[in-house]
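Trainee: If you scroll down you'll find the structure; I have some questions about it.
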Amino acid sequence: MKTVSTFQRLKDNNEKIVMLTAYDYSTAKVLEESEIDGILVGDSLAMVALGYENTYNITIDEMLIFIQAVSRGAKNSFIIGDMPFMSYNLNLSQGLENASKMIKAGANAIKLEGCNDYILSLVKRCVESGIPVLGHLGFTPQLMNTIGGHKIQGKTAESIELILESAKKLEEAGCFAVVLELLPAESAKYITDNLKIPTIGIGAGVNCSGQIVVTDDITGKFTDFTPKFVKKYTNLHDIVLSGIQEYKNEVKRELFPSPEESFELSENEKEKLTQA
Ligand code: KIV
């Protein structure tokens, strides 16, 4: 069973941490089979599973349904629930209450974005209450409107130092790891080398302690947009489409269902039908 200690042990042993997203039961089952180190039920599901344009519309109650499904499919995996937009920003009791809902739904930890005095207090309160927290710095999608779009972060020495300062504060507050999103590889390396806790990169180069990507991106199932940092390992969209087209053709030509996929009536009963 993987835990927060697995993450630290892997970093300390210079072994890469492998993470992916899952939103549903059957994907979670495959991820569990692959024995990766952690599964994130990311708020990216707002776009990938629900078709929203960004992550703003997903609510805590919707997230809980997906966390429950993933935890049923990956009973022995380390599952992290992503706290959605404004589900932890109002006050500490709102943040703690929603974080605890994620744990009760089956997550082993939560992820939240950014770093300021309020976030640091929330991280401390969660950790003190037994809720491990994964931080998220660099490009933070929930702050996209204030950042002004999908912008690469940490492009100057000054901004890299600021991200490192935030990462150190999150480490001190008790985060077990921190996601670094959209950073030049050298910036992410500098931050990783100066932290005790692991960094999990997404679009942040090869030198982070581990990597996370959206499963539907690397399997080619989600095709609305493909960020530069995504490598497609399969093309599920094409595979699924060709299967569906073959099914359609066979239904039209009365090749499906064949006798193999059908149930037969006994001769006796058939005769009765002809007599009627
Ligand atoms: O929502 C998400 O999927 C994320 C990424 C880090 C993968 O936050």
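What follows is calculated from the coordinates using simple rules that are stated; it is not laboratory data. Because the structure is a prediction, the values reported are computed rather than measured. In this analysis, Cβ positions are derived from the backbone assuming ideal geometry, glycine residues included, and neighbour counts consider all displayed protein chains.
Trainee: In the neighborhood of residue 60, defined by Cβ-to-Cβ distances under 14 Å, what is the net charge if each Lys or Arg adds +1 and each Asp or Glu adds -1? If you can, show how the numbers build up before the last one.
Mentor: Numbers: positive: 101, 104, 111; negative: 43, 61, 62, 82, 97.
Net charge around residue 60: -2.
Trainee: Related question: Using the structure shown, select from 111/169; 151/189; 75/228; 168/189 the pairs with a Cα to Cα distance greater than 26 angstrom. Don't jump to the answer; show the numbers that get you there.
Mentor: Details: 111/169 16 Å; 151/189 19 Å; 75/228 33 Å; 168/189 14 Å.
Violating the 26 Å Cα-Cα cut-off are 75/228.
Trainee: Taking just the alpha-carbon atoms of region 1-96, what radius of gyration and Dmax come out, in angstrom?
Mentor: Answer for region 1-96, Rg first and Dmax second: 14.4, 40 Å.
Trainee: Can you compute the equivalent ellipsoid semi-axes for region 74-136, i.e. the square root of 5 times each eigenvalue of the Cα gyration tensor, sorted largest first and rounded to whole Å? Mind showing how you got there, number by number?
Mentor: On the way: eigenvalues 71, 24, 23 Å².
One finds semi-axes of 19, 11, 11 Å for region 74-136.
Trainee: Quick check on the chain: take the gyration tensor over C-alpha atoms, sort the square-rooted eigenvalues as a ≥ b ≥ c, and tell me if it's rounded (a/c under 1.5), prolate or oblate. Can you show the working numbers first?
Mentor: Working: a/c = 2.43, a/b = 2.04, b/c = 1.19.
It comes out prolate by the Cα gyration axes.
Trainee: Using Cα-Cα distances under 8 Å and only pairs 6 or more residues apart, what relative contact order does region 175-240 have, in percent?
Mentor: Values: 104 pairs, mean separation 16.4, N = 66.
The value is 25 percent.
Trainee: Add +1 for every Lys or Arg and -1 for every Asp or Glu among the other residues with Cβ under 13 Å from the Cβ of residue 37, and state the total. Write out the running numbers ahead of the final one.
Mentor: Values: positive: 2, 9, 11, 16; negative: 15, 32, 35.
Taking every Cβ under 13 Å from that of residue 37, the sum is +1.
Trainee: For a quick check of your reading of the filter: which GluC sites (Glu not before Pro) in region 40-116 sit in a DSSP loop and have no more than 10 other Cβ atoms within 10 Å? Mind dumping the intermediate values first?
Mentor: Values: sites: 53, 62, 97, 113; in loops: 53, 113.
Passing sites in region 40-116 are 53.
Trainee: Let me ask something else about it. Loop only by DSSP, 10 or fewer other Cβ within 10 Å of the Cβ. Give me the GluC sites (Glu not before Pro) in region 192-276 that pass, ordered by residue number.
Mentor: On the way: sites: 246, 250, 254, 260, 261, 264, 267, 269, 271; in loops: 254, 264.
Taking region 192-276 and a limit of 10 other Cβ atoms within 10 Å, the loop GluC sites (Glu not before Pro) found are 254, 264.
Trainee: Residue separation times 0.36 nm, minus the C-alpha to C-alpha distance between residue 35 and residue 1: what's the value? Walk me through the numbers before you get to the answer.
Mentor: Details: separation 34, 0.36 × 34 = 12.24 nm, distance 0.98 nm.
Taking 0.36 nm per residue and subtracting the Cα distance, the gain is 11.3 nm.
Trainee: Let me ask something else. Which is the longest run of the chain containing none of the chymotrypsin sites (Phe, Trp or Tyr not before Pro) found in DSSP loop states (not H, G, I, E, B) with at most 10 other C-beta atoms within 10 Å?
Mentor: Values: sites that count: 225, 263.
Result for the longest clean stretch: 1-224.
Trainee: Can you check what the Kirkwood hydrodynamic radius comes to for region 183-276, Cα pairs only, in Å to one decimal? Walk me through the numbers on the way to the answer.
Mentor: Details: mean 1/r = 0.0549 Å⁻¹.
So the Kirkwood estimate lands at 18.2 Å.
Trainee: Now for a separate question. Considering amide H positions built from the backbone, and no H for Pro or chain starts, which residues 5 or more places from residue 177, or on another chain, come under 5 Å of its amide H?
Mentor: Residues meeting the amide H criterion: 135.
Trainee: Further question on the same structure: Among 29/104; 252/272; 2/124; 221/252; 104/221, which pairs are too far apart, with a Cα-Cα distance over 28 Å? Present the calculation step by step, with values, prior to reporting the outcome.
Mentor: Details: 29/104 20 Å; 252/272 31 Å; 2/124 22 Å; 221/252 26 Å; 104/221 30 Å.
Too far apart for the 28 Å limit: 252/272; 104/221.
Trainee: Simple spin-label model, 7 Å along Cα-to-Cβ: residue 124 to residue 158 in nm?
Mentor: Reported label-point gap for residue 124 and residue 158 is 3.0 nm.
Trainee: Tell me which residues come under 5 Å, amide H to amide H, from residue 138 once H is placed; ignore anything under 5 positions away on its chain.
Mentor: 181
Trainee: A further question on this structure: Can you list the trypsin sites (Lys or Arg not before Pro) in region 234-267 that are in a DSSP coil and have 14 or fewer other beta carbons within 10 angstrom?
Mentor: Details: sites: 248, 252, 253; in loops: 253.
Answer in residue order: 253.
Trainee: Label region 153-216 by shape, choosing from rounded, prolate and oblate, from the square roots a ≥ b ≥ c of the eigenvalues of the Cα gyration tensor; if a/c is under 1.5 it is rounded, and otherwise prolate applies when a/b is larger than b/c, oblate when it is not.
Mentor: On the way: a/c = 1.84, a/b = 1.13, b/c = 1.63.
Oblate shape, in that a/c is at least 1.5 and b/c is the bigger or equal ratio.
Trainee: Take every Cα pair under 8 Å in region 4-234 that's 6+ residues apart, average their separations, divide by the length, and report that relative contact order as a whole percent. Walk me through the numbers before you get to the answer.
Mentor: Working: 458 pairs, mean separation 40.6, N = 231.
Relative CO of region 4-234 lands at 18 percent.
Trainee: If you don't mind, there's one more thing I want to ask. For region 111-202, how big is Rg over Rh, using alpha carbon atoms and the Kirkwood form of Rh?
Mentor: When Rh is taken as the Kirkwood radius, the ratio is 0.95.
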